[in-house]
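As structure tokens, the structure follows; a few thoughts come after it.
The values are calculated or read from the model by the stated rules, or taken from the named source; none is laboratory data. Because the structure is a prediction, the values reported are computed rather than measured. Note: ideal-geometry Cβ built from the backbone for every residue, glycine included; neighbour counts use all protein chains shown.
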Amino acid sequence: MTGRGVAVRHLEVLNGVLGAAGWGTSIRFGDEPPGLRVLHPESSRIGVTVQVMVRADGAGGVVPWFVCVGGPVLAPCARAGAAVAVLEGFFGPWLGAERSDLRVRT
């Protein structure tokens, strides 16, 4: 399987985990590199694109990781659930700001 094929396979797994947890997703496998647009369950306005990046494993090999474009490194692709937990923490401040903004407007 090519690097692109591996990335798509990992993003499909993450898409399933996120969907089961109520997150909104939009598959962008036609992009180069492929990505997965992710929207927090509490907001259709706040989102990130997740891609797969290869990182050194510290033992001379490499491991695929989920990373946010312009944001944090999430987790190794073998731990999709951990990636969701990091996303939850990453979105926390943004959700708080959005809630405050909505309270000010009402």
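On the basis of being of a type in the set (Gly, Ala, Ser) and either under 21 Å from Trp94 (Cα atoms) or under 14 Å from the mean Cα position of the chain (by Cα) (or both), does Gly3 make the cut? Break it down stepwise before answering.
Numbers: of a type in the set (Gly, Ala, Ser): yes; either under 21 Å from Trp94 (Cα atoms) or under 14 Å from the mean Cα position of the chain (by Cα) (or both): no.
Taking the combined requirement at face value, the residue does not satisfy it.
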Problem - Residues (loosely packed, with under 15 Cβ neighbours inside 10 Å and in a helix (DSSP H, G or I)) located in the stretch 18-33 - result: Gly19, Ala20
Fill in the blank from the handout: Given the conditions (1) assigned to a strand (DSSP E or B); (2) farther than 27 Å from Leu95 by Cβ, every one holds for Val8 apart from (1)
Exercise for the section: May I ask you to list pairs of residues, at least six apart or on different chains, whose Cβ atoms are under 7 Å apart, with the first in the stretch 1-20 being touching a residue at least 24 places away in the same chain (Cβ under 8 Å) and the second being assigned to a loop (DSSP other than H, G, I, E, B)? Expected result: Arg4/Pro34; Ala7/Pro33; Ala7/Pro34; Val8/Phe29; Val8/Pro34; His10/Cys77; Leu11/Pro34
Handout entry: Residue list for the stretch 71-106, restricted to those being at pLDDT below 90 and in contact with a strand residue (DSSP E or B) (Cβ under 6 Å, 6 or more places away or on another chain)
Key = Gly71
Exercise for the section: Tell me which of these Arg37 doesn't satisfy, since it passes every other one: (1) of a type in the set (Lys, Arg); (2) over 15 Å from Ala83 (Cβ atoms); (3) in contact with a Gly (Cβ under 7 Å, 6 or more places away or on another chain). Expected result: (2)
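On the phi > 0 side of the Ramachandran plot and modelled with pLDDT of 90 or more, is that true of Gly58? Even if it seems obvious, please write down each step before you answer.
Values: on the phi > 0 side of the Ramachandran plot: yes; modelled with pLDDT of 90 or more: no.
Judged against the criteria, Gly58 is not a match.
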